[in-house]
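Note sheet for the following structure.
The values are calculated or read from the model by the stated rules, or taken from the named source; none is laboratory data. A quick note: this is a predicted structure, and the numbers were derived from the prediction, not measured. Ideal geometry is used to build each Cβ from the backbone, glycine not excepted, and the neighbour counts take in all protein chains shown.
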Amino acid sequence: MMTADIQSQDNTRDLKPAIVNGLRMRCPKCGKGKLLHSYVKVNDHCSACQQPFHHQRADDGPAYLTILIVGHLMGFALHITWVQWRPEPWVLATTMSVVAVVGALVLLPRMKGLMIAYQWAKRMHGF
């Protein structure tokens, strides 16, 4: 029992630096190599440290997190905009639609990096 605890402590990886690297779309291990290519496609391995990424499984997690964050931010933005300035409905709808789409496009690859970095730090799915 004691050796299993020691082994699990030796195999731990720092979560915070991995997540920061993932949000920067860099390798969670070294922080140098690119994690993604072609917007949200994951590289097979890190170009700097050769950490394999081919077995990662982010699936729908990044999209869910992106919708969750953008949706909450847009709810607050919509309420504040309507209460403060009372714009025309078509102006409000157009503006908020553009902001939501741009926000989602910016956030999606970063959420994918975050999910992969979390999986790497917790040794999930073969990492």
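Brief remarks follow.
- The residues of the range 43-95 that are hydrophobic (A, V, I, L, M, F, W, C) and either in a loop (DSSP other than H, G, I, E, B) or modelled with pLDDT under 95 (or both), listed by number, are C46, A48, C49, F53, A58.
- With respect to the conditions (1) at pLDDT 95 or above; (2) over 17 Å from F127 (Cβ atoms), K112 falls short on a single one, namely (2).
- Scanning the range 93-127 for residues being under 14 Å from Y39 (Cα atoms) and among the hydroxyl-bearing types (S, T, Y) gives a total of 0.
- Just one of the listed residues (V91, V101, V106) is over 21 Å from the mean Cα position of the chain (by Cα) and surrounded by 11 or more Cβ atoms within 10 Å (Cβ to Cβ), and it is V91.
- The range 36-70, residues that are small (G, A, S) and without any contact (Cβ under 8 Å) to a residue 24 or more places away in the chain: S38, S47, A48
- Near pairs, Cβ below 8 angstrom, 6+ apart or cross-chain, from the range 94-123 (touching a residue at least 40 places away in the same chain (Cβ under 8 Å) and closer than 18 Å to M25 by Cα) to any residue that is surrounded by 17 or more Cβ atoms within 10 Å (Cβ to Cβ) and charged (D, E, K, R): G113/R26; W120/K29
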